[in-house]
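The values are calculated or read from the model by the stated rules, or taken from the named source; none is laboratory data. All values derive from a computational prediction rather than experimental measurement. Accessible surface areas use protein heavy atoms only, side chains included; no ligands, DNA or RNA. Shrake-Rupley method; radii C 1.70, N 1.55, O 1.52, S 1.80 Å.
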Amino acid sequence: MTKLFTHRLRVRYSECDQQNVVFNGHYLFYYDVAVTELWREAAGGYAAMLAEGADLVVAEARIRYRQGARFDEVLDIEMPLTHLGTTSMIVSPRFKVGERLIADGEVRHVFTDAVAGGKKEMPDVIRKAFQPYLSAAE
């Protein structure tokens, strides 16, 4: 059975724009918070990977906005992994308030050498840690 990691946060007033909905740029910030927590749950935290000489960069991010989340609503960020490649992984976040789909998208990460830069194969320990989170779609 595939594990689905979900991070929950409450929308703060300062994150809303003049239309009284979350400003679009905050969704990638929310994603970053959620992927950090996913990393903590699945792989014990990001620092351990850095200590082994691997890093991770965002190569591509796409968010599709469907409706706005509002101040004080509880936003659930579902984080299904939809691809574990040789040097990359893809997360397809879904932002929800209750059953309302607020936004969804796709973020492609590429593994790099933490010292020299450049692409690097995904460390085996990371692949094993994230395998249970891989969506059945792959």
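The order of Leu81, Leu56 by accessible area, most exposed first and with a 1.4 Å probe, is Leu56, Leu81.
Our analysis of the chain gives Rg over Rh at 1.00, with the two radii drawn from alpha carbon positions and Rh computed by the Kirkwood formula.
Once the Cα atoms are used to define both axes, helix 26-43 deviates from the longest principal axis of the chain by about 40 degrees. Largest GNM mean-square fluctuation across Gly45, Gly105, Gly25, computed for the chain with C-alpha springs under 10 Å, falls on Gly25. Sorting Val115, Val74 by solvent-accessible area of protein heavy atoms yields Val115, Val74, largest first, with a 1.4 Å probe. Per-residue surface analysis assigns Thr86 an accessible area of about 80 Å², computed on protein heavy atoms at 1.4 Å probe radius. By DSSP, the beta bridges lying fully in the chain are antiparallel in about 95 percent of cases.
Per residue of the chain, the DSSP helices (runs of n ≥ 4 H) give a summed -39500 (n - 2.57) that works out to -6500 deg cm²/dmol at 222 nm.
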